[in-house]
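J.: Provided herewith is a single structure, encoded as structure tokens, for subsequent inquiry.
Values quoted throughout were computed directly from the atomic coordinates according to the rules given, and no laboratory measurement underlies them. Since the model is a prediction, treat every value here as computed from it, not as a measurement. Reconstructed Cβ throughout: ideal geometry from the backbone, glycine too, with neighbour counts over all protein chains shown.
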Amino acid sequence: MRLLGFRRHPVSEEELSASVDGRLSNRQRERVEAHLQSCADCRRKLEELRFLVAELRALPETKAPRSFALSPEMAAATRREAIRERHEERTAARRIYLGLSGATVAAAILLIAVVGSDVAFFSRGGGGESSTNATTTFSREAMSPAEAGAEADGSIEPGDATKDVAPGVAPLLPTAVAPEDRLAADAADAVETPSAEVAAAPQQARPVAEDASHLWLWIVEGAAGGLIVGFGASAFWMRRRWVQMNRS
Amino acid sequence: MPTNVALRRWKLARESSSTGVDEALLTERARTGDLAAFNALVEMYQDVVYRLCLRMLASIPAAEDVTQDVFLSAYRRIDSFRGGVFRAWLLRIAANACTDELRRRRHRPQVSLDGAGDDDSPLHLVDGSESPEESLLRRELRSHIQAGLMALPLDQRVVVVLCDVQGLTYEEISEVLNVSLGTVKSRLSRGRARLREILLRQRELLPHPFRHTV
């Protein structure tokens, strides 16, 4: 008998329950009634459910044992408590808002730093094609005097600009360098232009190595940008909430 | 028995319809901080709230405490009541408060349920309309039903109490609990099925026709 409940039944438990409350659609009701005609098990179940519901409804209608009206003191105390709670919520919201703003600024500073170093990196890497005079002086420090000299005379246009820069740089470099530089320039003169082509070769190889570090920079830039957007949006949202709290 | 149900429905309908206009006025005034208006609402609904708490918690002192808390928090949160049915709003606060209380209780279990299992508890017999000669069997049955309610999972218990004990419609319950009608129906049917099984475990308490069917 009990097993019948586990067999797939045309009438669900939910339909039986709803039929106790008269909450079946016409079609459902017809189907349930037709089924009840033939299924003694469901008939009994329904009777038991009806009995249960009737008993629940017949439970004593207890009245409140006393008045729960609020005394003026209770009302005042609960109002004070509400004010205190609201104040706490407000200060918490303000603290979160300030924290988020700080985080946004920190992310912005990170982005500026990364972009700045990226620009510096990029212009050094791109020096081979469109170097400015300033970058040439940078690379000269890294190069051997011979190469630098070769470049100064060979690959760079022998414009006035180079000459303008060289004296400017010279005081910054150790005093020994300047004569060497000149010596090297003389030496390069002797070797003629071929050495300029040799000097250009390592410069072209450099961008390939920089691609990897560029990728990293892009990742960091993207992450910093994401952080700015995320923190900024949350800070904005928190501030709006905080303003709303102040208004209410 | 059907007359009892009809009577209760009628009382509920009268409660909610005749006070409709007053209620709107009272809630409006209570929102502006009028304590007298709020207390008029308390008087109007304290029985409904207390009854829900009592059936949910099966403890008279706990039901009193929670009922008081419900009205205190309703007073504090009256701003968040934006029209609609005040009773549903209040019952939602009450249902949540009962759930919180029961969760708290689970963390530090109480030794007794304040006489909930005791057949002489007012939970089962205090009712002006019932004679003191009410049969012992009936009292035992009620105590068994209350114990059965306490054995239901919370989500089913609250639906069964609201529907079968308090007489709310499916629609009202869905508003109180903020769940769909389908959810109300399924929780109700599962709760009733479970309660029915619990009831059948003590067939000797049931009236004659239910005793010998196996």
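J.: I'd like to check something: does the range A:72-93 contain any residue that is of a type in the set (S, T, N, Q) and more than 26 Å from B:Ala62 (Cα to Cα)?
T.: yes
J.: Filtering the range B:191-202 down to residues that are within 21 Å of A:Glu13 (Cα to Cα) and more than 10 Å from chain A (Cβ to nearest Cβ), which residue is surrounded by the most Cβ atoms within 10 Å (Cβ to Cβ)? If you could, list the steps in order and put the result at the bottom.
T.: Keep residues of the range B:191-202 that are within 21 Å of A:Glu13 (Cα to Cα), which gives B:191-201.
From the residues that got through so far, the ones that are more than 10 Å from chain A (Cβ to nearest Cβ) too are B:194, B:201.
On the way: B:Arg194: 17, B:Arg201: 9.
Residue satisfying both the conditions and the ranking: B:Arg194.
J.: Identify all residues within the range A:45-66 that are of a type in the set (Gly, Ala, Ser) and more than 7 Å from every other protein chain (Cβ to nearest Cβ); write none if there are none.
T.: Applying the first criterion (of a type in the set (Gly, Ala, Ser)) to the range A:45-66 yields A:54, A:58, A:64.
Listed by number, the list is empty, since nothing qualifies.
J.: While we're on this one: Could you please find all residues in the range A:32-54 being charged (D, E, K, R) and under 58 Å from the mean Cα position of the chain (by Cα)? Steps first, answer last, please.
T.: Residues of the range A:32-54 that are charged (D, E, K, R), as a first pass: A:33, A:41, A:43-45, A:47-48, A:50.
Hits for the range A:32-54 are A:Lys45, A:Arg50.
J.: Now, a different point. Specify which of the listed residues (A:Ala58, A:Ala108) is of a type in the set (Gly, Ala, Ser), surrounded by fewer than 17 Cβ atoms within 10 Å (Cβ to Cβ), more than 23 Å from B:Ala62 (Cβ to Cβ) and out of contact with any Asp or Glu (no Cβ under 9 Å at 6 or more places or on another chain). Lay out the reasoning, then the answer.
T.: On the way: A:Ala58 fails: surrounded by fewer than 17 Cβ atoms within 10 Å (Cβ to Cβ).
Just a single option satisfies the conditions, and that option is A:Ala108.
J.: Kindly provide the set of residues from the range B:159-182 that are closer than 23 Å to B:Asp47 by Cβ and at the interface with chain A (Cβ under 10 Å from one of its Cβ atoms), ordered by number.
T.: If the condition is that a residue be closer than 23 Å to B:Asp47 by Cβ and at the interface with chain A (Cβ under 10 Å from one of its Cβ atoms), then B:Val160, B:Val161, B:Cys163, B:Asp164, B:Val165, B:Gln166, B:Gly167, B:Thr169, B:Tyr170 are the ones that fit.
J.: Also, I was wondering about something else. Give just the number: which of (1) out of contact with any Lys or Arg (no Cβ under 6 Å at 6 or more places or on another chain); (2) more than 10 Å from chain A (Cβ to nearest Cβ) does B:Lys185 not satisfy?
T.: If we test B:Lys185 against (1) out of contact with any Lys or Arg (no Cβ under 6 Å at 6 or more places or on another chain); (2) more than 10 Å from chain A (Cβ to nearest Cβ), just (2) comes out false.
J.: Looking at (1) touching a helix residue (DSSP H, G or I) at 6+ places or on another chain (Cβ under 6 Å); (2) closer than 30 Å to B:Asp34 by Cβ, can you tell me which one A:Pro10 breaks?
T.: Here A:Pro10 clears every test but (2).
J.: Enumerate the pairs (first residue in the range B:69-90 and more than 14 Å from B:Val49 (Cα to Cα); second residue anywhere and of a type outside the set (D, E, K, R) and part of a loop (DSSP other than H, G, I, E, B)) with beta-carbon separation below 9 Å, excluding pairs fewer than 6 apart on the same chain, so at least 6 apart or on different chains.
T.: Between residues of the range B:69-90 that are more than 14 Å from B:Val49 (Cα to Cα) and residues that are of a type outside the set (D, E, K, R) and part of a loop (DSSP other than H, G, I, E, B), the close pairs are B:Tyr75/A:Leu70; B:Ile78/B:Gly33; B:Asp79/A:Ser248.
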